[in-house]
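To start, the structure under review is shown below, and the notes come after it.
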Amino acid sequence: MKDNKLIVKKIEKGTVIDHLRPSTALIILNDILNPEIFSEKIYSVLANVDSSRAHGDGKKDILKIEDVELTPEETNKIALLSPRATINIIKDYEVVEKRQVDLPDEVIGIVRCGNERCITNYRDRYGRKEPIDYKFDVLSKDPVVLRCHYCERKIPEDGKTILDYFV
């Protein structure tokens with residue numbers, strides 16, 4: 001600590017995910033990003049950091065990952081959990097690209113429908129699933145509300161988070 005400020009080493013090359021909702025950095029690290037990439041990568045998790053551009057409670061999480069660039073699917077999953085997050089691409093210790101996560105109007109193959117009777121969840125008597133991708137229309141980006149393209153069920157349902165529906 002220096003002058004009551006937290007000092008975290010800059011990364012030479014990689015990705016910084018900033019403005020995450022509080023308590024989502026570890027979820028992203030454990031449930032969204034490819035765990036194989038972390039066996040030999042350096043990463044930092046900052047949780048409940050004070051923020052002026054926060055999510056209602058003045059706090060945010062930050063995730064720094066060396067030598068990693070996110071896939072579009074990973075970025076979309078992050079947008080589902082934390083729609084105000086920003087992705088910073090770092091090269092030679094400098095931010096070379098900064099972008100806001102942007103949830104597309106349609107989400108395909110990332111979350112499943114909560115309706116057991118939906119065609120996307122149907123299995124025949126042998127346990128085979130219909131070869132249909134999960135497909136959702138985005139009704140609201142913050143808070144995230146999705147509607148199944150096939151049965152029109154909205155998610156997340158009461159008492160659940162979007163993470164409960166990840167494929």
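Observations on the model:
- Taken over the chain, the percentage of Cα pairs per 5 Å bin, counting from 0 up to the bin with the maximum distance, is 2, 8, 16, 18, 18, 14, 10, 7, 4, 2, 1, 0, 0, 0.
- Fewest-first ordering of Tyr165, Tyr93 by other beta carbons within 10 Å of each residue's beta carbon gives Tyr93, Tyr165.
- For Asn48 and Asp31, the difference between the fully extended length at 0.36 nm per residue and the C-alpha to C-alpha distance is 4.2 nm.
- Between Asp158 and Val96, full extension at 0.36 nm per residue minus the direct alpha carbon distance yields a gain of 18.3 nm.
- Taking all Cα pairs closer than 8 Å and separated by 6 or more residues, the relative contact order of the chain comes to 20 percent.
- Cross-link pairs beyond the 19 Å C-alpha cut-off, checked among Lys91/Lys141; Lys64/Lys160; Lys64/Lys91; Lys64/Lys141; Lys13/Lys64; Lys41/Lys98: Lys91/Lys141; Lys64/Lys160; Lys64/Lys141; Lys41/Lys98
- All Cα pairs of segment 57-97, percent lying beyond 12 Å: 68
- Inter-centroid distance (Cα atoms) of segment 64-78 relative to segment 97-158, Å: 21
- For the chain, the 222 nm mean residue ellipticity estimated from helices alone, with every DSSP H stretch of n ≥ 4 adding -39500 (n - 2.57) and the total spread over all residues, rounds to -2000 deg cm²/dmol.
- Ranked from largest, the principal axis spans of the Cα set of segment 14-100 equal 34, 28, 21 Å.
Taken together, the values in this text are just the output of simple stated rules run on the coordinates, not laboratory data. Keep in mind it's a predicted model, so treat the numbers as computed, not measured. Backbone-built Cβ (ideal geometry, glycine too); neighbour counts: all protein chains shown.
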